[in-house]
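Below: one structure, written as structure tokens.
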Amino acid sequence: MLLLILTGLAWMVQIMSMMKFLISYGVRLSSFLGLTVLMVPFILSIIVPFVTFIAILFVYNKMIGDNEVVVMAASGTSPGKIARPALILAGILTVINLVLNLWVVPATQAKFYDTQWNLRYGLAHLKLQEGAFTEMTHDLVVYVDKVSGYDLKHVMLSDTRKDKSQMIIFAENGKLVTTMRGLSIVMTNGSLQATGNGSIIGTFDGFDMDLSINEQHNPASVKTRSMSTSDLIGIVNQEDITPKQRKTIFTELCTRFLQPIMNFILAALCLAILLRSSLLRRRASFAPAFAVVSMSVVMAAFMSASNLLESTGDLFMLAGAQVLLLGFIMLILLRRK
């Protein structure tokens with residue numbers, strides 16, 4: 001129930017943050033909702049460890065308040081047996097989270113970026129207003145006198161996307177087309193004025209202008225979240241990858257392989273604190289708050305460490321630290337006294 005509620009809330013936040021697609025790009029409501037749904041697996045992969053922790057905290061704290069844990073312990077039930085249901089739940093959610101991170105999230109994020117690009121830059125959404133200046137994106141403005149489908153009449157285009165240069169094009173006719181590069185406008189019977197390192201003035205019978213501006217601002221960007229796990233592992237040691245990109249890739253690999261383990265670590269941490277405090281002669285009323293603080297410290301340490309990874313050795317060291325931490329917590333949890 002908590003997972004559904006938090007996922008729904010996060011989904012609503014995504015819908016509100018992406019309302020510009022409905023307002024600015026004239027996207028149909030069904031296409032817009034389909035785009036936001038693609039974010040749900042990613043949202044799930046983030047909140048599952050926290051939901052696991054909160055659910056266990058709520059249930060076991062209520063059992064402790066009703067003295068059920070004390071009665072079970074007094075009747076000879078071991079801490080491991082009391083904690084078994086929660087550990088089984090954490091194990092199942094760890095596997096589900098691992099599947100999400102390794103396969104589902106990369107696939108849905110790749111689909112998300114493709115769909116977002118098509119809605120923002122593709123022919124499916126593009127609506128040029130007649131007799132008005134349309135800002136395709138920052139530094140790219142198009143004026144069209146008449147529009148008939150993808151056919152344009154009397155086109156004026158201003159392109160200042162490249163630093164310290166400007167291109168102004170006037171054309172009698174134009175047509176929007178999709179090429180291997182993305183969205184383009186093919187213009188005929190026009191003139192061109194370009195300034196930069198030099199000045200160019202001339203006429204043309206045909207001219208093809210690339211409108212695919214989303215990758216021109218950062219051509220070396222690597223969208224690690226949308227890459228398959230095998231591709232991500234394959235490019236991590238390539239020579240053309242910058243140190244910053246390599247760091248981003250290792251952070252993503254850490255998220256995919258090691259973040260699901262945090263489900264089990266947080267569950268065991270919560271159980272160890274609650275069950276051990278419930279067996280004290282004077283029950284520790286601060287145990288839930290201490291569990292929450294401990295969870296925050298552990299997750300903050302993991303997230304900080306994941307952002308500092310620079311090599312495969314660092315990744316294995318963090319995995320080893322997780323194993324040691326989990327082993328220490330389990331020793332505290334399972335000991336009888």
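The values are calculated or read from the model by the stated rules, or taken from the named source; none is laboratory data. Only a predicted model underlies this, so the values are computations on that prediction, with no experimental measurement involved. When we count neighbours, we look across all protein chains shown, and the Cβ atoms used for this are built from the backbone with ideal geometry, even at glycine.
Key figures
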read-out: Helices (runs of 4 or more DSSP H) (entirely within segment 17-117) containing at least 2 residues that are touching a residue at least 24 places away in the same chain (Cβ under 8 Å) and either within 23 Å of residue 7 (Cβ to Cβ) or outside the structural domain of residue 329 (by TED's automatic domain parsing) (or both); value: 29-37, 40-65, 79-99
read-out: Some residue of segment 287-294 being more than 30 Å from residue 107 (Cα to Cα), modelled with pLDDT of 90 or more and among the polar types (S, T, N, Q); value: yes
read-out: Residue list for segment 197-218, restricted to those being among the small types (Gly, Ala, Ser) and either surrounded by fewer than 13 Cβ atoms within 10 Å (Cβ to Cβ) or at pLDDT 90 or above (or both); value: 198, 199, 202, 206
read-out: Search result, residues across segment 133-147 that are part of a strand (DSSP E or B), modelled with pLDDT under 85 and surrounded by fewer than 16 Cβ atoms within 10 Å (Cβ to Cβ); value: 134, 135, 137
